[in-house]
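The values are calculated or read from the model by the stated rules, or taken from the named source; none is laboratory data. Keep in mind it's a predicted model, so treat the numbers as computed, not measured. Methodologically, a virtual Cβ is constructed for each residue, glycine included, from the backbone with ideal geometry; neighbour enumeration extends over all protein chains shown. SASA here: full protein model, heavy atoms, side chains in, ligands and nucleic acids out. Shrake-Rupley method; radii C 1.70, N 1.55, O 1.52, S 1.80 Å.
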Amino acid sequence: MNETQKLVLVLLISFEIAFTKSVYLNLILIVMSLLILLITGNFAKNFARLLIVSILPAIGSFTSFYFFGTGSKEQRVHFALVMTTRVGVYIFLGAAFISTMVLYKLLRSLEQNVKMSATFVYGILGAFSFIPKIIHAVKTIRAVGMMRGEVLHFWSPKLYFKAITQSLIWSNNLAMAMTSHGFEEGEKRSYYERFPAKFGGWMIILIVMLFIQYCVFILRLW
């Protein structure tokens, strides 16, 4: 599967569970996502981080639908568990996708397979390449402020104003660099590396979605 097909699969699964009220199906998808994280490595760190991130929305979803939902107690418990586990699916499924995804390959694959704007793709890639420089620039701005006896907190407007000013300069440099490398908006481009959507990837998507439909049928009560 290429990166575009992975994204399509994640979106299809997300769309499916949005209309499926099965706690067991959600738990199965969470376990599958955790297995992917385990295979890709660094499981303990990712699991702990995702668990912390998911606690607050999970508790909020459960309490909201249990205490303020309609129907009998059993119905409210069931729907609260559905929404809670659904939050877990979205978080862990997204993490599993990110753990197997390379941003460069994803953007280039979207450009080649779904005709995403080349200007957008190259702009995003260029912007991400500037992230380390932005972090360094913010640290430098804060250090200069400290040397002048001025503490620039993360909520300080002056800190962000100076960072934005620096970013505008980099934006102009990025545009000049793209032009100097032969990039012209709207012109047809050749590809150094291709990311075709292979037939086997579509078959995997079909099998996974059929498996989910089977689980929905078997676990239609819970």
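One table, with the values for the structure above:
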{"read-out": "Cα gyration tensor shape of the stretch 119-185, rounded if a/c is under 1.5, else prolate or oblate by comparing a/b with b/c", "value": "prolate"}
{"read-out": "Size of electric dipole in the stretch 80-163: Cβ of Lys, Arg +1 and of Asp, Glu -1, about Cα centre, debye, nearest 20", "value": "200 debye"}
{"read-out": "Cα gyration tensor, the chain - rounded (a/c under 1.5), prolate or oblate", "value": "oblate"}
{"read-out": "Computed helical MRE - 222 nm, the chain, DSSP H runs ≥ 4 contributing -39500 (n - 2.57), nearest 500", "value": "-26000 deg cm²/dmol"}
{"read-out": "The chain: most fluctuating residue of PRO196, PRO157, PRO57 per GNM, C-alpha cutoff 10 Å", "value": "PRO157"}
{"read-out": "Pairwise Lys count, the stretch 100-222 - Cα closer than 26 Å, eight or more residues apart or different chains", "value": "11"}
{"read-out": "Reachable lysines, given that their alpha-carbon falls under 29 Å from the alpha-carbon of LYS73 and they are not under 8 places away in the same chain", "value": "LYS21"}
{"read-out": "The stretch 132-151-the stretch 53-113 distance, computed between alpha-carbon centres (Å)", "value": "38 Å"}
{"read-out": "Per residue accessible area in Å² of the chain, where ligands, DNA and RNA are left out and the probe is 1.4 Å", "value": "65 Å²"}
{"read-out": "Apportionment of accessible area to carbon and sulfur, the stretch 84-222, percent (1.4 Å)", "value": "69 percent"}
{"read-out": "Check: the chain dipole with +1 on Lys, Arg Cβ and -1 on Asp, Glu Cβ, in debye", "value": "380 debye"}
{"read-out": "Segments 83-92, 19-28, 60-69 sorted - mean Cβ within 10 Å per residue, highest first", "value": "83-92, 19-28, 60-69"}
